[in-house]
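Shown next, in structure tokens, is the structure this report addresses.
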Amino acid sequence: MSEERVQKALARMGYGSRREIERLIGEEKIRINGQIAKLGDQVKEGDKINIGSRRVVISPDAGRIRVLAYNKPEGEICTQKDEKGRKTVFDSIGKLNTGRWISVGRLDINSSGLLLFTNYGELANHLMHPSSEIEREYAVRVHGKVTDDIIKRLLKGVELEDGVMKFDKIIDNGGQGSNHWYHVILKEGKNREVRRLWESQDVRVSRLIRVRYANLVLPRDLKQGKKVELSLEEIKSLFAFVKLDWPEEHDVMAKERTDKARNLSIKNQLYGSRSQAKSATTNRVRAGRTPRAGLRKETKSVQSRTTNAKKPGKN
């Protein structure tokens, strides 16, 4: 493994996006072999890194690249921990044995819909970086009169406190009165951008659901609060969509895992799985029969036991 920048290595290993790691470096919360890290510092395999109180060792590979699609319900927040004790999306998706899940963008507490997670920092960085111009699509229910002039302004651009923002496309999805739905598409992920744009036109958003991120659409059968892991083909398609080179060594790893799983499946079909064997043992115990383990002891026949019983003993 050749040397690479510390933020790139840690992102690749799943310890955060590049931007997140760069922020930690700026706050002097990362050390390389005991020395405070600086932006641009190079690391190599075996270097010891401290990220706050956590210690990791630089490795040449992050292991299996994984991506989750999660249907976030309203009421959950997109942070690792919450000081108020509210439930977070990370509570719902669970932890990894090595590395950690990186959230691809965020949804505010009152929004729901598609939220992506990956353990591969380079992919997260490409999906979130403004230069990638990745489309996000939202279904929005609004209260208020939406005129043609409002639509034109939202498409042209509106000056807000942190710059000009706009929708790239607005699709009227129908409805009446307080139940009028639109689909909006934009290529940025600024804080509460969709809500703030509508509110700038005196239109209030009552429901906000993210239905697409990049080329991934929220599955219709994925219930709120549930997750699904993307297949290898879907992950490769996502890499291609964001123009990120696929690391070829992962194909070898994936083939080895597939072969191992296939062999295990064949073995289970022929001989039964461990769980089946355990269940059979439990059933024998419940039936009053002692389970046999290891080599079977040689047992005497009924006839031999009877013969032995008739032999006179010594006086």
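Count neighbours as other Cβ atoms within 10 Å of each site's Cβ, and list the GluC sites (Glu not before Pro) in segment 23-66 that are DSSP loop with at most 10 such neighbours.
Working: sites: Glu27, Glu28, Glu45; in loops: Glu27, Glu28, Glu45.
Answer by residue number: Glu27, Glu28.
Could you please rank Thr98, Thr118, placing first whichever residue has the fewest other Cβ atoms within 10 Å of its Cβ? Intermediate values should be presented prior to the final figure.
Values: Thr98 12, Thr118 23.
By the 10 Å Cβ count, ascending, the order reads Thr98, Thr118.
Based on alpha-carbon centroids, what's the gap between segment 212-252 and segment 26-63 in Å, whole number please?
Taking the Cα centre of each part, segment 212-252 and segment 26-63 sit 28 Å apart.
Using the Karplus curve 6.51 cos²θ - 1.76 cosθ + 1.60 with θ = phi - 60°, work out ³J(HN,Hα) for each residue of segment 176-193 in order, rounded to whole Hz, and write x for Gly and Pro.
Values, residue by residue: 10, x, 7, 10, 9, 10, 10, 10, 10, 10, 8, 10, 10, x, 6, 4, 6, 4 Hz.
For each of Met13, Met165, count neighbouring Cβ atoms within 10 Å of the residue's Cβ, then give the residues from fewest to most.
Going from sparsest to densest Cβ surroundings: Met165, Met13.
Enumerate by residue number the trypsin sites (Lys or Arg not before Pro) in segment 88-143 meeting two conditions: DSSP loop (anything except H, G, I, E, B), and at most 14 other Cβ atoms within 10 Å of the site's Cβ. All intermediate terms of the calculation are to be shown ahead of the outcome.
Details: sites: Lys95, Arg100, Arg106, Arg136, Arg141; in loops: Lys95, Arg100, Arg106.
In loop regions of segment 88-143 (DSSP not H, G, I, E or B), the sparsely surrounded trypsin sites (Lys or Arg not before Pro) are Lys95.
Name the residue farthest towards the positive end of the dipole of segment 67-241 from the options Leu154, Gly75, Asn119, assuming +1 on Cβ of Lys and Arg, -1 on Cβ of Asp and Glu, about the Cα centre.
Gly75
Just to be sure I understand: if I project the alpha-carbon convex hull of segment 67-241 onto a plane and average over all orientations, what area do I get in nm²?
Directional mean of the projected Cα hull area for segment 67-241 stands at 11.1 nm².
What FRET efficiency do you get for Tyr271 and Thr147 if R0 is 45 Å and r is their Cβ-Cβ distance, rounded to the nearest 0.05?
Step by step, r from the Cβ atoms, then E = 0.05.
Starting from the Cα-Cα distance between Arg23 and Arg100, subtract it from 0.36 nm times their residue separation and give me the gain in nm to one decimal.
Extra length available between Arg23 and Arg100 comes to 26.0 nm.
Can you sort Ile65, Ile51 by how many other beta carbons sit within 10 Å, fewest first?
Ile51, Ile65
Which value in Å does the Kirkwood hydrodynamic radius of segment 181-238 take, with 1/r averaged over all unlike C-alpha pairs and then inverted?
Mean inverse Cα-Cα distance, inverted, gives 13.9 Å.
Relative contact order of segment 53-211: what whole-number percent is it, with Cα pairs under 8 angstrom and at least 6 residues apart?
Relative CO of segment 53-211 lands at 23 percent.
Rounded if a/c is under 1.5, else prolate if a/b is larger than b/c, else oblate: which is segment 4-57, with a ≥ b ≥ c the root eigenvalues of its Cα gyration tensor? List each step's numbers first, then the result.
Values: a/c = 1.23, a/b = 1.06, b/c = 1.16.
Verdict is rounded for segment 4-57.
Between their Cα atoms, which of Lys44/Lys81; Lys152/Lys243; Lys169/Lys190 are more than 24 Å away from each other? Present the calculation step by step, with values, prior to reporting the outcome.
Details: Lys44/Lys81 31 Å; Lys152/Lys243 32 Å; Lys169/Lys190 17 Å.
Violating the 24 Å limit, Cα to Cα: Lys44/Lys81; Lys152/Lys243.
Would you mind getting me the FRET efficiency between Asp221 and Gln80? Use the beta-carbon distance for r and R0 = 22 Å, nearest 0.05.
0.15
Obtain the nm distance between the two label points defined at Leu155 and Glu234 by a simple spin-label model: each point lies 7 Å from its Cα along the Cα-to-C-beta direction.
Using points 7 Å along Cα→Cβ, the separation is 3.3 nm.
Bear in mind these aren't lab numbers, they're just calculated from the coordinates by the rules spelled out. Because the structure is a prediction, the values reported are computed rather than measured. So basically every Cβ, Gly included, is an ideal-geometry build from the backbone, and we count neighbours across all protein chains shown.
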